[in-house]
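Visitor: I'd like to ask you about the structure that follows.
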Amino acid sequence: MRITKLILLIGLLLWLSPSCIDRYFINADNSIEGKIVISGTITDEEGSQQIQISRSSSPENPKFVPISDCQVIVEDNLGNQIVFQETAGKGHYEAELEPSMLEIGKSFQLKVNLPDGTSYESSEETLTPSPDIADVYYDLETKSTFGHGSEEDGLQFYIDFEGDSQSGKYYRWKLEETYEYHSTWPITRYLDEDNVLHESGADYSYYFCYKTEVLNQIFTLSTDGFVQNSYKKYPLHFVNDHTQRLMYQYSLLVKQYSLSKEAYSYWETLRKNNKEATDLFGKQPANVKGNISNPSNPDEIALGYFGVSSVKNKRVHVLDVPELSFSEVDYCEAIPLDPSSPIPNQPRPLYMVLTRNYKGELVWGYAGTSCFICSLLGGTTEKPPYWIDE
């Protein structure tokens, strides 16, 4: 009996032992701070290419810690070299590569020298072809909200692509969304810094805005082992109807990257980490082994990944989805002014709008500046050139 109990006790201890759990606990590892982070992807797209060089920050206070004055060189397998200059901001090194240099099948290597003389280099990465994007589309869906016990309506986006035997088998997608949103009211009346009252009718100069954001979600797929190098209805992101993002016009730019097997492994691991710990590392890669190393000190852990990729783009627009209610969208509410009382000591300019007081009477009220000037919410009043005029 004692032997049986002892066996059960040992089994229980082994089951509870941390060594049986293959999971990374952030608070248990503070060694990530201060490590070199080198990342960038060279593509066959026109325009400038960027390499970012920084130090990793603590998980509790994630931020970009740039390293300036580095020597940054990308070299192809024919010995051609391109020097990247720190012209895009601290820690951001930029250069333009000639299209003739970006040929399918060529390989590239990144070499970095820090101001203190420490050198780093990447493994060689080969440029593989990417198939065309067949279609990007959406379905109206209702999803459960995690931890809230409720549901939300919105659009789930999907992608179809069809490759061949010449295309790569490892993919990553990067999404950039642009949407139109409006301020709650146009400008009609306001007090300036000198308490001079201005009335201009309805000024819509800052009523219509457009905002572009790169989504921080990671989307990866491998078709290795598939009968065909293609995929139908791969799920991208979901946009609910709780904001103005889908209310007027929404545009999604999908960039499809063809990866090496090693690059796919890196991004897939990063995707899994981000899924478990949603963006805890913010603007830096988590503690995931990339392809950067220190030739003089192979045991040093370097973060980030240098990759090369051919890219295919597709943009889609969403103009009107009548099934969405937008019942959860937040709008500004005006605070009624008492005509018999002094105007409250609020920051100037003080924008005013007609509203109703507790008696139901139509009076002037005031609200925050961002309720009238939409660009204060991060967008711009300049309409994108690809916008569809309704």
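The values are calculated or read from the model by the stated rules, or taken from the named source; none is laboratory data. None of these values were measured; they are calculated from a predicted model. Reconstructed Cβ throughout: ideal geometry from the backbone, glycine too, with neighbour counts over all protein chains shown. These area figures cover heavy atoms from the full protein model, side chains too; ligands, DNA and RNA do not enter into them. Shrake-Rupley method; radii C 1.70, N 1.55, O 1.52, S 1.80 Å.
Visitor: With a 10 Å radius around each residue's Cβ, average the other Cβ atoms per peptide and rank 348-354, 112-118, highest first. Kindly include the intermediate steps, with their values, before the conclusion.
Guide: Values: 348-354: 19.0, 112-118: 13.4.
Ranked by mean Cβ neighbours within 10 Å, highest first: 348-354, 112-118.
Visitor: Given charges of +1 on the Cβ of Lys and Arg and -1 on the Cβ of Asp and Glu, with all other atoms neutral, how large is the dipole of the stretch 164-297 about its Cα centre, in debye to the nearest 20? Could you put the intermediate results ahead of the total?
Guide: Details: 15 positive and 16 negative charges, 219 e Å.
Value, rounded to 20: 1060 debye.
Visitor: What size of dipole, in debye to the nearest 20, comes out for the chain about its Cα centre when the only charges are +1 on Lys and Arg C-beta atoms and -1 on Asp and Glu C-beta atoms? Could the numbers behind the result be given before it?
Guide: On the way: 32 positive and 56 negative charges, 293 e Å.
Dipole size: approximately 1400 debye.
Visitor: Over the chain, what percent of the accessible surface lies on carbon and sulfur atoms, probe 1.4 Å? Spell out each step's value before the answer.
Guide: Values: 10780 of 21840 Å².
Carbon-and-sulfur percentage of accessible area, whole number: 49.
Visitor: What lysines does residue 255 reach when the alpha-carbon gap must be under 17 Å and sequence neighbours fewer than 8 apart in one chain are set aside?
Guide: 169, 174, 232, 233, 312, 314
Visitor: Skip the ligands, DNA and RNA, and give the accessible area per residue of the stretch 110-245 with a 1.4 Å probe, whole Å². Don't skip to the answer; put the middle values down first.
Guide: Values: 6910 Å² over 136 residues.
Roughly 51 Å² per residue, with all protein chains present.
Visitor: Now for a different question. Under 8 Å for C-alpha pairs, at least 6 residues apart: give me the relative contact order for the chain, rounded to a whole percent. The partial results should precede the final answer.
Guide: On the way: 823 pairs, mean separation 72.5, N = 390.
Over the chain, the number comes to 19 percent.
Visitor: With semi-axes √(5λ) of the Cα gyration tensor in Å defined as stated, name the option among [x] 33, 27, 22; [y] 34, 22, 19; [z] 46, 30, 25 computed from the structure displayed.
Guide: Among [x] 33, 27, 22; [y] 34, 22, 19; [z] 46, 30, 25, the one calculated here is [z].
Visitor: Just how large is the dipole of the stretch 55-144 about the Cα centre, in debye to the nearest 20, putting +1 at every Lys and Arg Cβ and -1 at every Asp and Glu Cβ? Mind showing how you got there, number by number?
Guide: On the way: 6 positive and 17 negative charges, 84 e Å.
Result for the stretch 55-144 is approximately 400 debye, rounded to the nearest 20.
Visitor: With a cut-off of 8 Å between alpha carbons and a minimum separation of six or more residues, what is the relative contact order of the stretch 113-209 in percent? Can you show the working numbers first?
Guide: Numbers: 106 pairs, mean separation 19.8, N = 97.
Rounded, it is 20 percent for the stretch 113-209.
Visitor: When only C-alpha pairs under 8 Å and at least 6 residues apart count, what is the relative contact order of the stretch 220-365, in percent?
Guide: Averaging sequence separation for qualifying contacts and normalising by length gives 27 percent for the stretch 220-365.
Visitor: Additional query: Would you be so kind as to identify which of 207, 187, 228 lies farthest towards the positive end of the dipole of the stretch 174-234, taking Lys and Arg as +1 and Asp and Glu as -1 on Cβ and the Cα centre as origin?
Guide: 228
Visitor: Next question, about the same structure. Do any chymotrypsin sites (Phe, Trp or Tyr not before Pro) in the stretch 66-156 lie in a loop, going by DSSP, with at most 13 other beta-carbon atoms within 10 Å of their beta carbon, and if so which? Before the final figure, lay out the partial values.
Guide: Details: sites: 84, 93, 108, 120, 137, 138, 146; in loops: 146.
Passing both the DSSP loop test and the Cβ count: 146.
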